[in-house]
Structures are given as structure tokens and as C-alpha cells.
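Structure first, commentary second.
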Amino acid sequence: MEQSMIELTQKIDALTAQVAYLADQAQIAERQRQERAELMRDLMPIANDAFRLSVEQLEEIQEYVDLGDLLRLGKRLLRNGRNIDKMLDQLESMMDLAATMGPLANEGFAKAVDVMALMERKGYFAFAQGGLKIADNIVTSFSEDDVKHLGDNVVLILNVVKDMTQPEIMTFIRNTLMVAQGEIEKPVDTSLLALLGQMRDPAVRRGLALTMSVLRVIGSQANGK
């Protein structure tokens, strides 16, 4: 008798547990149903607005869009699915490359800005601006015939410049200018006796001899012309 009571009690407990489980499942199902209902209530206005906007937009373009065109476009997209996939892969690769090169490009740009700032401080840009102004003056000062004559004689001009820029010639011109600048500031005695006195200086006599030689060459060139 006691064993039967124990078994009956166990069955009642098991049945109670099953009923409680079913009640919990029913509550969960009810909550999910309510949540779905609330979600539908929230989504319906959005869906209605989206449908209304879609209809309005389609009405605006309906004269430009044909159902056959849409079908052909859809078929073409389906036929080129692999190509589109490859294109997307390439796009992703380009984006990865851009992400990799971005820091390098930023570093290079920053370095370029620093170099340009250094050049600005050293005066490169001011010098270039002055050079452009000089070039502009040259271009506006010479006619077409002048440029043609310069082109015909450019070799001779370069040879003259090359000869004039020899170290000994440049040193001679520089020393002469420095001495002349110093002598100009001094008082000069232009009397005949003073000039005759300077003739006793061997350096003066040599200078006169060189001057006369140069004048003789210039005169011969003028006569040859």
C-alpha cells in the first residue's frame, strides 16, 4: 500500500512538472506572438511608406522603363555573375592596396611638404620667381629677328662666354674691379707732372703697353670690317 502511494505521488509530481513546463512554453509562445504582433505594427507603417515611395518613383520613370528592359538587364546580370564577382574581388584588392599605400602616401606627402618648406626658407621659390621675371623681360625685349640672329650666333656667343669665364680671366676682372673701386675713392692728381711721374712706374708702363696692344687689335678688327 505504501509503495503504491509513493508511485502515485511520483506520477503526480511528474505530471505537475510537465504541466508547469507546458505552461512556461505557452507563456513563451504568447510573448513571442505579442512581440511579432508589435513588430508587425511597427513595420507596417514603414512598409506602407516604402511601398508608397516606390510607387511614386516608379510612376516618375515608368515612361523610361520597360518590363522587357528590366528582364534583359536581369538576364545579363545573371549571365555575368562571375564577372561581377571577379570585379568585386578586384575592387576589394584595390581597397586593400589603398589601405596599405595610404600611410606611405601620407608620409611621402608630409616629407614633400617639409622639403618645399625648406626650399621656401632657402629662397628657391623667390629665386625661381625672379628667374621667370628675367625670362619674361628677355622674351618681351627681343623680336623674332633678334631671336633668329641669336640662334645663328649662339655658338659664337657660347664660345665668348666660355672664354670670359676662364679662371684667369675672371680673376683678372675681379682684381681690376677691386683695385679700381679702391682707387676711385682716393683723390687723383691729374697734373702733367703727376702723370709723367706715374710713367716711371714699370707697372704703369706695362699697363699702357697692354692697352695699346688691345687698341691695336680693336683697330685692326674695325679696319677688317
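The values are calculated or read from the model by the stated rules, or taken from the named source; none is laboratory data. These numbers come from a predicted model, not from an experiment. Quick reminder, even Gly has a Cβ in these numbers, built from the backbone with ideal geometry, and neighbours come from all protein chains shown.
Structural remarks
- Top-ranked residue in the range 174-225 [being of a type in the set (S, T, N, Q) and surrounded by fewer than 10 Cβ atoms within 10 Å (Cβ to Cβ); ranked as modelled with the lowest pLDDT]: Asn223
- Test for Arg82: is it at pLDDT 85 or above and loosely packed, with under 10 Cβ neighbours inside 10 Å: yes
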